[in-house]
Amino acid sequence: MRKILSAVALALAVASPAFAKDDSTFYGRIVHVSSNNLKVQSKSGQILSFLLLPKFKNVWSDDGKTTYQMSFLHVGTPVEVLYDQSALGARHADKVIVLRHLPR
């Protein structure tokens, strides 16, 4: 069992630079929201799913002055999602910004 765990740890350590990317940004409208998942569709029709870590509270207005609770997010809300894929390659939201309208 220890050999398997050490092999997995080694594989993750070697593979982590491949998953480590700079923070990315995705704009669109929410098509699904739950306590642990957020799906956003861009104007081009691309849909990305983002994991939300437990007790995620990083929801902001576009001017950066107001914070919102997760219950403020509903289907159709325009958002900007700042995310990365550093945890085992899973895309997770670091910050959600509620927009007044989507950028062109």
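The values are calculated or read from the model by the stated rules, or taken from the named source; none is laboratory data. Remember, it's a predicted structure, so these values are computed and weren't measured experimentally. Positions of Cβ are backbone-derived with ideal geometry, glycine not excepted, and every protein chain shown enters the neighbour counts.
Summed over region 42-64, the residues that are under 16 Å from the mean Cα position of the chain (by Cα) and in a loop (DSSP other than H, G, I, E, B) give a count of 9. In region 21-34, the count of residues that are assigned to a loop (DSSP other than H, G, I, E, B), modelled with pLDDT of 95 or more and either under 27 Å from M70 (Cα atoms) or not acidic (D, E) (or both) is zero. Within region 65-77, not a single residue is part of a strand (DSSP E or B), modelled with pLDDT of 95 or more and hydroxyl-bearing (S, T, Y). Considering only residues of region 80-104 that are in contact with a helix residue (DSSP H, G or I) (Cβ under 8 Å, 6 or more places away or on another chain) and in a strand (DSSP E or B), which is nearest to N36 (Cα to Cα)? For region 80-104, the residue satisfying everything is Q85.
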